[in-house]
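Notes for the one structure printed next.
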């Protein structure tokens, strides 16, 4: 059974629209993260959450908003989508304290 | 400058040969992790090794923290080992900073 679930696997959106990327982890971890990988840049860190609280935010734009409704959920809301937002978004989780991180399968977002 | 540098950028081997991948990092890391990524795939954690030497299967990682370097040795390479190998350091907020990766191609 997959331990980190990301939904949907593929997502196509139009410029200016809003989408929510879903992430759930069943590893019993208390820290969750979002990363982005695009063709133009290497894997880059976006957010880290610990016990449902924001720990680090390296995303310059407020269009990206993480949402943690449950301790094992960390969704990512993206508003006013732009073609440059096209990328694969990975969710990850770990125990707090710099422990080994495990990644989900990713959501591949294409903005037209 | 880039915090994590990996070398070589690409490596081509014949099946059965050994591979040695290098990772140098410029800032203090609380943790260092090696990942494997297949083309179009997700990241698979291979080894978490902040210091010393760790083994798992055909993989051996050696990290020398004082010298800010780590290596990943793959013995008896197989065609299924082909893909991108990523080194990442972890800060105290849990942020992973990745290198650009080494693309490994193992030919039959």
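The values are calculated or read from the model by the stated rules, or taken from the named source; none is laboratory data. This one's a predicted model, so the numbers in the text were calculated from it and none came from an experiment. Because the Cβ atoms are built from the backbone with ideal geometry, glycine has one as well, and the counts that use them run over all protein chains shown.
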Anything in the stretch B:39-52 that is under 21 Å from residue B:81 (Cα atoms) and surrounded by 13 or more Cβ atoms within 10 Å (Cβ to Cβ)? List them, or say none.
B:41, B:42, B:43, B:44, B:45, B:46, B:47, B:48, B:49
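Please work out if residue A:42 is closer than 15 Å to residue B:98 by Cβ and assigned to a loop (DSSP other than H, G, I, E, B).
Against the criterion (closer than 15 Å to residue B:98 by Cβ and assigned to a loop (DSSP other than H, G, I, E, B)), residue A:42 qualifies.
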Looking across the stretch A:80-106 at residues that are within 14 Å of the chain's Cα centre (by Cα) and farther than 28 Å from residue B:48 by Cα, the single one that is surrounded by the fewest Cβ atoms within 10 Å (Cβ to Cβ) is A:86
Can you confirm whether residue B:82 is touching a residue at least 24 places away in the same chain (Cβ under 8 Å) and within 10 Å of the chain's Cα centre (by Cα)?
no
Go over the candidates A:109, A:76 one by one and state the one that is touching a helix residue (DSSP H, G or I) at 6+ places or on another chain (Cβ under 7 Å), at pLDDT 95 or above and crowded, with 21+ Cβ neighbours inside 10 Å.
A:109
Just checking, how many residues over the stretch A:1-18 are outside any loop (DSSP other than H, G, I, E, B), more than 13 Å from chain B (Cβ to nearest Cβ) and out of contact with any helix residue (DSSP H, G or I) (no Cβ under 9 Å at 6 or more places or on another chain)?
3
Identify, please: which residue in the stretch A:29-58 is surrounded by 14 or more Cβ atoms within 10 Å (Cβ to Cβ) and closer than 18 Å to residue A:11 by Cβ and is, among those, nearest to the other protein chains (Cβ to nearest Cβ)?
A:35
Exactly one of (1) within 14 Å of chain A (Cβ to nearest Cβ); (2) on the phi > 0 side of the Ramachandran plot is unmet by residue B:88. Its number?
(2)
Return yes when residue B:14 is exposed (fewer than 14 other Cβ atoms within 10 Å of the Cβ), in contact (Cβ under 8 Å) with a residue 24 or more places away in the chain and more than 22 Å from residue A:47 (Cα to Cα) and no when it is not.
yes
Out of curiosity, is residue A:47 within 9 Å of the chain's Cα centre (by Cα) and modelled with pLDDT under 95?
yes
Taking the stretch A:19-28, which residues are part of a loop (DSSP other than H, G, I, E, B) and within 13 Å of another protein chain (Cβ to nearest Cβ)?
A:27
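Let's see how each residue does on (1) in a strand (DSSP E or B); (2) closer than 30 Å to residue A:57 by Cα:
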{"site": "B:40", "(1), (2)": "no, yes"}
{"site": "B:47", "(1), (2)": "yes, yes"}
{"site": "B:54", "(1), (2)": "yes, no"}
{"site": "B:73", "(1), (2)": "yes, no"}
{"site": "B:76", "(1), (2)": "no, no"}
{"site": "B:84", "(1), (2)": "yes, yes"}
{"site": "B:92", "(1), (2)": "no, yes"}
Out of (1) touching a residue at least 24 places away in the same chain (Cβ under 8 Å); (2) in a strand (DSSP E or B); (3) within 14 Å of chain B (Cβ to nearest Cβ), the odd one out for residue A:77 is which?
(3)
